[in-house]
């Protein structure tokens, strides 16, 4: 699977752009703020159906406009697939695959597997558990359809349960039968989600350790594990044990919506003492492990997007990472870098075929092939 071309209209700082990509590696160079990340986000948007960097579509549309459009042509062994996404914030998103409209965003996820690595991923290590759950979810969603349905069902009922608990508190009224009717619907999807997340962590763990050993020049040991309330009790039992607490705080205190990835370094929590360099190595290892898992689960090699990950790395480390991502085990790659010549020169040295694009003020110019 390769993204042959892309057309953007009113996407972030791009008023209109049309580009043809190399099937192997595409390097986007230019100063900060010129649109490199926006172009990479557009590639991700076509694959996943939403932005990686913006919390909502209203932040993606170009300032002064009221809609945006992404159009891409993906090349498969048996032919091409055209993807068109049209968004007018406040209205239903239109996703059209080779002329056929997708009814739901969830129907699109997984058709074009993709992994992105970006500076904002540091949040995975330092912030709350939500970002780490998102990593698990977006990975599994790209290869398991029942998981998507389970997540949608669980989240819908979780919201309903929380609203009901809040209503009880406000009206000084309690209906156990009503709460049970909502809770019961959550048991099966929670079990599915727990099982799939646990399985993914078990598969990720050795691959993660492999990449961390390759990437890191340190001697420390770094491991990942799975932390979940459902490891020790069923959701039904958790709801029963925490009922009085849930009534007081008016929200659901236990469940798979509290799951986390346990990241440890030398037996201690990673975020407690890891350096910036160590955190960056962990992120790279985790995302490359995610890529390998998706490669094994899908018929097609995923697209790999690297946004400015070479910043503050020495040239030898950059060359080493490029040799990993430009191997036969990796599909099409998109890379951004503020250094105009660094990545292109190293790709040439490694004899990797590529296109280089100069990005300047929302304009994309191919300068090397």
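Only the coordinates and a few stated rules stand behind these numbers; no lab work does. This is a predicted model, so every value here is computed, not measured. Neighbour counts run over all protein chains shown; Cβ positions are idealised from the backbone, glycine included.
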Practice prompt. Using only Cα atoms, tell me the angle between helix 176-215 and the longest principal axis of the chain; keep it within 0 to 90° and round to the nearest 10.
Written response: 40
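Quick one: of the DSSP bridges fully inside the chain, what percent are antiparallel, nearest 5?
Details: 43 of 61 bridges.
Percent antiparallel among DSSP bridges in the chain is about 70.
In what order do 251, 342 fall by count of nearby beta-carbon atoms within 10 Å, going from fewest to most? Could the numbers behind the result be given before it?
Numbers: 251 14, 342 18.
If I rank by nearby Cβ atoms, fewest first, I get 251, 342.
Take the alpha carbon gyration tensor of segment 41-154, find the square roots of its eigenvalues, order them as a ≥ b ≥ c, and report rounded if a/c is under 1.5; if not, report prolate when a/b exceeds b/c, else oblate. Please list the in-between numbers first.
Values: a/c = 1.56, a/b = 1.18, b/c = 1.32.
Because a/c hits 1.5 or more and a/b fails to exceed b/c, segment 41-154 counts as oblate.
Looking at segment 126-297 only, what percent of DSSP beta bridges run antiparallel? Nearest 5 please.
On the way: 8 of 8 bridges.
Within segment 126-297, antiparallel bridges account for around 100 percent of the total.
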Worksheet item: In whole Å, what is the distance between the alpha-carbon centres of segment 3-56 and segment 329-369?
Response: 14
Discussion item. Apply the a/c threshold of 1.5 to the C-alpha gyration tensor of segment 251-325 and tell me whether it is rounded, prolate or oblate.
Written reply: oblate
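Using Cβ counts within 10 Å as a stand-in for footprinting exposure, how do 62, 156 rank, fewest first? Kindly include the intermediate steps, with their values, before the conclusion.
Details: 62 19, 156 14.
By the 10 Å Cβ count, ascending: 156, 62.
Viscosity 1.306 mPa s, temperature 10 °C: what is the translational diffusion coefficient of the chain from Stokes-Einstein with a Kirkwood Rh over Cα pairs, rounded to a whole number of µm²/s?
Working: Rh = 22.2 Å.
Calculated translational D: 72 µm²/s.
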Worksheet item: Of 240, 136, 270, which has the largest mean-square fluctuation in a 10 Å C-alpha GNM of the chain?
Response: 240
Worksheet item: Using the Cα gyration tensor of segment 126-297, with a ≥ b ≥ c the square roots of its eigenvalues, what is the shape: rounded (a/c below 1.5), prolate (a/b larger than b/c) or oblate (neither)?
Response: prolate
Practice prompt. Would you mind ranking 39, 186 by Cβ crowding within 10 Å, fewest neighbours first?
Written response: 186, 39
Worksheet, complete the sentence: Mean-square fluctuation maximum in Gaussian network of the chain, Cα pairs under 10 Å, restricted to 126, 40, 135, hits 126
Practice prompt. Return one number: the angle in degrees, 0 to 90 and rounded to the nearest 10, between the long axis of the Cα atoms of helix 36-48 and the longest principal axis of the Cα atoms of the chain.
Written response: 50
Worksheet item: Using a simple spin-label model with points 7 Å from Cα along the Cα→Cβ vector, what separation in nm is obtained for residue 169 and residue 365?
Response: 5.8
Discussion item. Using only the alpha-carbon atoms, how far is helix 276-297 inclined from the longest principal axis of the chain? Give it as 0 to 90 degrees, nearest 10.
Written reply: 90
Worksheet item: In whole Å, what is the distance between the alpha-carbon centres of segment 208-274 and segment 275-317?
Response: 22
